[in-house]
1. If we only count helices (runs of 4 or more DSSP H) wholly inside region B:211-277, which ones have 2 or more residues that are modelled with pLDDT of 95 or more?
2. What number of residues within region B:223-249 satisfy the criterion of being over 13 Å from B:Ile296 (Cα atoms), more than 12 Å from every other protein chain (Cβ to nearest Cβ) and in contact (Cβ under 8 Å) with a residue 12 or more places away in the chain?
3. Only one of these is within 21 Å of B:Ala263 (Cβ to Cβ), within 8 Å of chain B (Cβ to nearest Cβ), free of Cβ contacts under 8 Å to residues at least 12 places away in the same chain and surrounded by fewer than 23 Cβ atoms within 10 Å (Cβ to Cβ): A:Ser275, A:Ser213. Name it.
4. Could you tell me which of the residues B:Ile34, B:Ile17, B:Ile44 is of a type outside the set (Gly, Ala, Ser) and closer than 20 Å to B:Gly195 by Cα?
5. I want to confirm something. Restricting to region B:103-141 and keeping residues that are of a type in the set (D, E, K, R) and assigned to a strand (DSSP E or B), which single residue is nearest to the other protein chains (Cβ to nearest Cβ)?
6. Only one of these is closer than 28 Å to A:Arg113 by Cα and in contact (Cβ under 8 Å) with a residue 40 or more places away in the chain: B:Val145, B:Val115. Name it.
7. Is it true that A:Gln237 is within 8 Å of chain B (Cβ to nearest Cβ), touching a residue at least 24 places away in the same chain (Cβ under 8 Å) and not small (Gly, Ala, Ser)?
Amino acid sequence: MSIIVDESTTVLVQGITGRDGSFHARQMLDYGTKVLGGVTPGKGGEQVEGLPVFNTLAQAVEVTGANCSVIYVPARFAVDAVYEAVFADLKVVVCITEGIPVMDMLIASNYARARGTILIGPNCPGITSPGKCKVGIMPGHIFAPGPIGVVSRSGTLTYEVVNNLTEAGLGQSTCIGIGGDPIAGTNLLDVLSLFEADPQTKAVVLIGEIGGSDEQLAAQFVASKMTKPVVAFVAGQTAPPGKRMGHAGAIISGTEGTAQEKIKALQEASIPVASSPAEIPQLVRQALSAS
Amino acid sequence: MNIHEYQAKSLFKAAGILIPEGEATSSAKHARGIAERIGPPVAIKAQVQVAGRGKAGGIKIAKTAEEAESHAAAILGMTIKGLPVRKVLVEAALPSSAEAYLAVAIDRAQRKPVVISSPAGGVDIEEVARKSPEKIVRTLVDPLVGLKDFQARAAASPLFQDPSLVKQAEVTLKNLYALFVEKDLSLAEINPLVGTEQGIVVALDAKVITDDNALFRHRDLAQMRDLEAEGPGEAEARNNDLSYVKLDGALGCIVNGAGLSMATLDLIKHYGGEPANFLDVGGSSSPEKVLVAMKILLADKNVKAILVNIFGGITRCDDIAVGLVSALEQLDVRLPVVARFNGTNQEEGNRILQQANIHTAETMDDAVQEAVELAQGQSAP
């Protein structure tokens, strides 16, 4: 079944004429994603990778009937692109952009939720349901369809984990990068609940990192509401407090948000936590055979 | 980004939040002049971005202008938790009758700004949260509608016993929230917020953290950056679109992606090594970036070996390989290097490295184990 995106997902690329937008439009098309067009204000009428470019998202939706958009727009203008997508009543919006002010995202994510649009990101690699649809910048070749749901705050670490899973014969139902910012439109808990309800997903791999309390809340949800096994990995045990480790959301404030605290919360919810990414497939196998 | 207390107080003042009369200075003599102007007693406070200034002797009360000068001279020479004290804040020492805690922060899980208020001021708020959490009131603000008056009233009421202080605190709270939103802050904290013996509510301390992502639209805040408060290499990395944090070990790392980078450091420790740094070279494959990354990494003289861990999605492994080979040549690097490439064009990337006699490993675990041994075995040249 997969979650959020599948064969019925049709995609518009916001920022399609830019360097990243055009490159990833091609990559998505090559994967088999139904990309129907794109938007760059002022460039309506042009073509990118054989796709029509529109001046506004509303026009693009009216003409193509697309139900999803992906945003490759610079940080200063990205949140406006999010609003444009929500106003167009899109089902799913994936915001790749890094560097969006937190306050902007606080308001936009609350608004999207109130309007019923699923916002993924920002500062994320996107979402892939293997064999069906890829929205974002994840490299297609690492995926294989299967029963493992993957949810992560990271980019390349996710690829590493997915690659290991695929090589171990553990294909994926859907893989979602929720992003590395402090505010994520869709958080770990939101995704776990969707995986729990998805018939194709038999087990979940959760990849967390320092900062915030998303993993702790996810652990509570798993303990109380989830029947499917979850295996986790948390990056940043070596991170010193107070230092931003790349991602805007990866920072230990005082004593809050340490990897140790997250690992403890996950273990208390009976979620095995891998000591290295390579250990994950073995833990998933054990969890699947035990369930 | 962190800013100093005196800078945070200037923001508070402009936002209509009362602060003690004062001025920051880097001269002990000037400190005396400020003390004379304000009138003793004055507090002399080290301006360093660390907790525990008081315990380290960085906060002193001066009863005369002469004392102000001598205290300032002593504190200006100090290093507190590794940071040199370049400025002191000289401000009126106001006797207080009550101390509370007030802050505005972001509740990430709820995706809302949160006002945190407590009558337990002047102490470590994390301690209060651990020992007496019932003393802390958290008021979530819906960012779509802002802080409502009824919320401000409810949040202010536990701060003080005296109703006239509560009324003033309500105004302070509203101003603090408005400042938080207007300046794109991540944290605005007043600890303690005091009721003076004259019955006035004043912010005795001020801590502000700004949102790095929003600095582009706040030039005044961006100019407050204290480069000395940053770790070595961080500013240069930032200016080149890299992320770098210096650590204490001998194994230097270059990785693409923050999560993968952190996981690599964790794995190094897992195998008994000590990472020298966190370095996320990011999504682009440009040789220039690899060169800058290598320069920053090598500025750390503790580095005895280098681990390069790349998972190429959009990043092409052959591009990184070219950049790496060129950087090692240009910088005449004699240290052992282990590289692990996976993903896009990995075969080509490995071929380029092998031709340059750079050791490649197949898996992340292999690469880390080999690199750890090299860093430990390598003696100083």
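1. Correct list: B:219-222, B:258-270.
2. 4
3. Going through A:Ser275, A:Ser213 in turn, just one is within 21 Å of B:Ala263 (Cβ to Cβ), within 8 Å of chain B (Cβ to nearest Cβ), free of Cβ contacts under 8 Å to residues at least 12 places away in the same chain and surrounded by fewer than 23 Cβ atoms within 10 Å (Cβ to Cβ): A:Ser275.
4. B:Ile17
5. Within region B:103-141, the match that is nearest to the other protein chains (Cβ to nearest Cβ) is B:Lys112.
6. B:Val115
7. Against the criterion (within 8 Å of chain B (Cβ to nearest Cβ), touching a residue at least 24 places away in the same chain (Cβ under 8 Å) and not small (Gly, Ala, Ser)), A:Gln237 qualifies.
Yes/no matrix, rows are residues, columns are (1) more than 8 Å from chain B (Cβ to nearest Cβ); (2) touching a residue at least 12 places away in the same chain (Cβ under 8 Å); (3) closer than 24 Å to A:Pro74 by Cβ:
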site: A:Ala108; (1), (2), (3): yes, yes, yes
site: A:Thr117; (1), (2), (3): yes, yes, yes
site: A:Asn123; (1), (2), (3): yes, yes, yes
site: A:Gly131; (1), (2), (3): yes, yes, no
site: A:Lys134; (1), (2), (3): yes, yes, yes
site: A:Met138; (1), (2), (3): no, yes, yes
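The values are calculated or read from the model by the stated rules, or taken from the named source; none is laboratory data. Remember, predicted model here, so these are calculated numbers, not experimental data. We place every Cβ from the backbone using ideal geometry, glycine too, and count neighbours over all the protein chains shown.
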